[in-house]
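Below is one structure, written out as C-alpha cells; comments come after it.
Values in this text are rule-based calculations from the coordinates and carry no lab data. Not measured: the values here are computed from a predicted model. Here Cβ is always computed from backbone atoms with ideal geometry, including for glycine, and neighbour counts include all displayed protein chains.
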Amino acid sequence: MARALGFSRFVLVLLALSTSVLARDAVPSEKIQAFAQPELDASAFLPEPPAFDSVLFLQDRARYEQGRSLRGTTRALKAAEDANTKILPELFSEAFGTSISREQLPELYTLIQRVRKTVSSATHKLKRAYWRMRPFVLYGDETCYPAKEASHKLQSSYPSGHSACGFAVALLLSEINPGRADKILARGVEYGQSRVICGYHWQSDVDVARVLASALMAQLHANVEFQEALARAKDEYAKHVAEQADAKP
C-alpha cells in the first residue's frame, strides 16, 4: 500500500513537471539565430552507431536497463526536466553559480541559445545519415518524459542532440567562469546521462554527442561573429561579478 502511494505521488509530480515544461515550451521565443554552420564533416571522425547484434551494443543495453531502474526516483524527475533544451540557461544556472536569465545576463543568455541552435542543426545532419531506433521504441517502454514520445518515435537516436547541446553549453560556460569549470562540466555530463535515464537515447548516442559538441565548439571559436559574442558575454559576466562584490556589505 505504501509503495503504491509513493508511486502515485511520483506520477503526480511527473505530470505537474511535464505540464510546467510544456508551458515553457509554448512561450514564443525571441528570434535568435544560429551561427553559420562550421565546415565540419563529422562522419569523417565519428563512428557508426553499434549494430543491435554487436558486442558494443551490450553496453548500450546494460546502461539502458540501469537507467530504467531509476524511474520513480528524484533523478528521473531531474531527467524529465532536462528534456527541455529551450531552458538550458536555467538548467545550468546552479552549476554556473548565478542565474543565467534574459534579464540578468542577456548577452550570455542569447549566446547560449545561439550555440544550442547551431549544435542542434549539426546533430540533425548526422541523424539523417545514421538512422537508429530509440531505446523506448525498440523495447516498447514508456519514458520518464511521455510528452515527447509521439514526436520522437520516428526520429533517429544517433547522436543525441540534447546531449550535444548540453555539453557544448557546458564547455562554453566553463570558459566564461573557469573557477566553476568542474561543476559546470559535471552538469554537462549529467545532462547527457538524463537522456539515457529517460529512455530516449542509448549510451553510445550520448558518448558520441560529447565528441561532436567538442569539435563544433572548437570550430565555432574560429567564427568571428562567435568570437565577438563570446567577448561581450565575458565582459557582461565580469561586470556582473564586480557588481555583486560591490553590493556585499
Alpha-carbon gyration tensor eigenvalues x 5, square-rooted, for region 133-239, Å: 31, 14, 11
Gyration tensor (alpha-carbon) shape descriptor, region 18-166, a/c threshold 1.5: oblate
Relative contact order (%) - criterion: Cα under 8 Å, at least six apart; region: region 2-247: 27
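Give me 139, 237 ranked fewest to most by other Cβ atoms within 10 Å of their Cβ, as a rough exposure proxy.
139, 237
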Charged-residue dipole, Cβ positions (Lys, Arg, Asp, Glu), the chain about Cα centre, Debye nearest 20: 620
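Arrange 169, 208 by Cβ neighbour counts within 10 Å, fewest through most, would you?
208, 169
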Region 84-161: relative contact order in percent, alpha carbon pairs under 8 Å with at least 6 residues between: 28
Relative exposure of 118, 98, judged by other C-beta atoms within 10 Å (fewest first): 98, 118
Top of 194, 101, 157 by mean-square fluctuation, Gaussian network on the chain, Cα under 10 Å: 101
Under the span-like rule (Cα at least 30 Å along the axis, Kyte-Doolittle mean at least -0.5), DSSP H helices of the chain: 2-26
Mean residue ellipticity (222 nm) of the chain, computed from DSSP H runs ≥ 4 via -39,500 (n - 2.57), nearest 500: -21000 deg cm²/dmol
Three-way shape label, the chain, alpha-carbon gyration tensor, a/c 1.5: oblate
Filter on 78/117; 153/234; 125/183 - keep pairs with C-alpha separation over 28 Å: 153/234; 125/183
Inter-part distance where region 124-153 and region 172-193 are each reduced to a Cα centre, Å: 26
